[in-house]
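The values are calculated or read from the model by the stated rules, or taken from the named source; none is laboratory data. Note that the structure is predicted; figures quoted are calculated from it, not measured. Cβ coordinates were reconstructed from backbone atoms using ideal geometry, including for glycine residues, and neighbour counts include every protein chain displayed. Heads up: the accessible areas ignore ligands, DNA and RNA and are worked out on the full protein's heavy atoms, side chains in. Shrake-Rupley method; radii C 1.70, N 1.55, O 1.52, S 1.80 Å.
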Amino acid sequence: MKKDIQVGLIGFGMAGRVFHAPFIANVAGLKLRKIRETKQANIHIANTYYPEAEIVGDSKAILQDPEIDLVVVASPNATHYSLAKEALEAGKHVLVDKPFTVTSAEARELIQLAEQQQKVLTVFQNRRWDSDFKTVKKIVENQLLGNLVEYEAHFDRFRNFIKEDTWKEEDHPGSGILYDLGAHLIDQSLYLFGKPEAVTADLRAQRQGSSIIDHFDLTLHYPQLKVILKAGMLVKETGPHFRLLGDQGSFTKYGMDVQEEALKANQHPKGNSAWGIEPENLWGSLQTTFNGLQFRGKIESETGDYTALYQNVYNAILGEEELVVKPEQAQTTIQVIEAAYQSHQERRTVFLNAVEQ
């Protein structure tokens with residue numbers, strides 16, 4: 001009989017409610033015991049869907065509870081470091097929502113603390129389990145395009161107004177689209193290709209009245225590969241989500257993974273056999289020459305499921321599996337974000353080794 005891991009979730013806003021709780025509940029060995037939340041609307045939802053969880057108004061009720069094994073930090077970005085530090089010091093395993101921290105120095109300190117405490121520390125880079133990214137990863141690993149020369153990924157949305165009553169629209173450390181959506185695109189690139197040599201960035205506040213970065217255009221430089229990462233809030237008609245070019249062919253993919261919209265519509269993965277399956281109209285297009293054969297057509301998307309991240313965390317806590325999302329990888333993502341800000345401010349390409357020094 002495997003051990004049950006008692007989970008405390010700090011935050012039940014968009015991140016905790018939509019992206020964390022449904023997948024915690026979908027892993028047999030994880031038991032959601034406490035949720036920290038103060039807004040009545042969110043408390044009502046938590047009580048409706050997770051009646052076995054106790055709602056608490058203070059994070060310390062989770063951090064100081066000896067029965068809690070794993071603390072999930074799904075609070076505003078600027079609080080990630082302090083809450084994760086408190087949890088580790090209290091002897092808890094910790095999963096932090098992305099972005100890991102605001103600075104790479106904070107990330108480094110948490111990694112060292114987790115090693116000292118001999119606790120699991122990881123980051124919720126759930127987009128590694130998007131259906132389309134899993135498909136892209138398979139194409140890259142199997143070299144279906146020959147030598148890859150260019151990889152481009154977009155995370156575009158359209159909201160031409162400033163959303164009220166959300167910290168995400170306020171000028172705080174760790175706010176803005178680069179920390180929000182950029183953390184996903186950067187992590188996916190690092191997962192595929194490793195750490196780049198250098199970063200070139202253009203960052204903008206494009207919406208009228210915006211006090212945060214709401215558009216970015218990054219180039220990650222590799223010896224034989226160019227990686228382009230873009231996101232914006234003023235893209236009414238979106239282009240490809242992924243576009244890969246190689247010396248034997250290309251792959252183009254429109255549309256986003258279906259899980260987020262399903263979650264926002266109160267659909268949950270538990271007991272849902274159709275979870276994470278993309279419709280055929282969202283499949284990507286592949287045109288290539290492979291082993292002497294010419295191919296042109298649609299490629300069925302892999303099945304996406306963020307449950308796999310939490311299943312891996314559970315197995316890692318039990319010592320049965322290596323972490324997939326290592327905190328060192330998440331630290332590198334923050335280093336890339338720091339380099340992007342430096343590149344934009346100084347109007348030049350920034351080399352990663354120089355940033356580390």
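Normalised by the empirical 2.2 N^0.38 Å for globular proteins, what value does the Cα Rg of region 73-151 take?
Cα Rg divided by the expected 2.2 N^0.38 Å: 1.44.
Working from the pairwise distances between different alpha carbons, so that the mean of 1/r is found and then inverted, what is region 1-150's Kirkwood radius in Å?
16.6 Å
At T289 and A61, where each label point lies 7 Å from the Cα along Cα→Cβ, what is the point-to-point distance in nanometres?
Here the answer is 6.6 nm between the modelled labels.
Multiply the residue separation of K195 and S82 by 0.36 nm, subtract the distance between their alpha-carbon atoms, and state the gained length in nm to one decimal.
38.0 nm
For a paramagnetic label modelled at 7 Å from the Cα of A28 toward its Cβ, which residues of region 300-317 fall within the zone defined by backbone nitrogen distances under 20 Å?
The answer is 305-317, whose backbone nitrogens lie closer than 20 Å to the label point.
Per DSSP helix of 4 or more residues, -39500 (n - 2.57); summed, then divided by the residues of the chain. What does that give at 222 nm, rounded to the nearest 500?
-9000 deg cm²/dmol
Over the heavy atoms of K39, what accessible area does a 1.4 Å probe trace out, to the nearest 10 Å²?
That residue has around 120 Å² of solvent-accessible surface.
When only DSSP loop residues count, what GluC sites (Glu not before Pro) in region 210-277 have their Cβ near at most 13 other Cβ atoms within 10 Å?
E237
When Rg is the radius of gyration of the Cα atoms in region 81-233 and Rh is its Kirkwood radius, what does Rg/Rh come to?
1.00
Between the DSSP loop rule and a limit of at most 15 other Cβ atoms within 10 Å, which chymotrypsin sites (Phe, Trp or Tyr not before Pro) in region 152-226 are left?
Here the chymotrypsin sites (Phe, Trp or Tyr not before Pro) that fit, given the DSSP loop and packing criteria, are F161.
Using the basic label-point model (7 angstrom from Cα toward the beta carbon), what is the F161 to E54 distance in nanometres?
The two pseudo-label positions are separated by 4.2 nm.
Taking 2.2 N^0.38 Å as the expected size of a compact globular protein, what ratio does the Cα radius of gyration of the chain give against it, to two decimals?
0.99
With a ≥ b ≥ c the root eigenvalues of the C-alpha gyration tensor of region 107-169, is it rounded (a/c under 1.5), prolate (a/b larger than b/c) or oblate?
Judged from the Cα gyration tensor, region 107-169 comes out oblate (a/c at least 1.5, b/c at or above a/b).
Rounded to the nearest whole Å², what accessible area per residue is found for the chain with the 1.4 Å probe?
46 Å²
Would you please classify the overall shape of region 233-357 from the alpha carbon gyration tensor, given that a ≥ b ≥ c denote the square roots of the eigenvalues, rounded means a/c under 1.5, and beyond that prolate means a/b larger than b/c while oblate covers the rest?
Cα axes put region 233-357 in the oblate bin.
For T38 and R296 in the same chain, what is the full-extension length gain: residue separation times 0.36 nm, less their Cα-Cα distance, in nm?
Length difference between fully extended and current span is 87.6 nm.
What spacing in nm lies between the two simple spin-label points modelled at R108 and E321, each 7 Å away from Cα in the Cβ direction?
3.2 nm
Go through K34/K98; K39/K98; K168/K236; K34/K326; K226/K264; K236/K270 and tell me which ones have a Cα-Cα distance over 31 Å in this structure.
Table pairs above 31 Å Cα-Cα are K226/K264; K236/K270.
Note the full-extension length gain between E150 and D4 as 0.36 nm times their separation in residues minus their Cα-Cα distance, in nm to one decimal.
48.1 nm
Considering only DSSP states other than H, G, I, E and B, which trypsin sites (Lys or Arg not before Pro) in region 262-349 qualify as loop sites with at most 13 other Cβ atoms within 10 Å?
Within region 262-349, the qualifying trypsin sites (Lys or Arg not before Pro) (loop, at most 13 other Cβ atoms within 10 Å) are K270, R347, R348.
First compute the accessible area of region 248-357 with a 1.4 Å probe, then give the percent of it belonging to carbon and sulfur atoms.
C and S atoms contribute 47 percent here.
Summarise the accessible area of region 1-75 (1.4 Å probe, protein heavy atoms) by the percent that is carbon and sulfur.
About 52 percent, which is the carbon plus sulfur part of the accessible surface.
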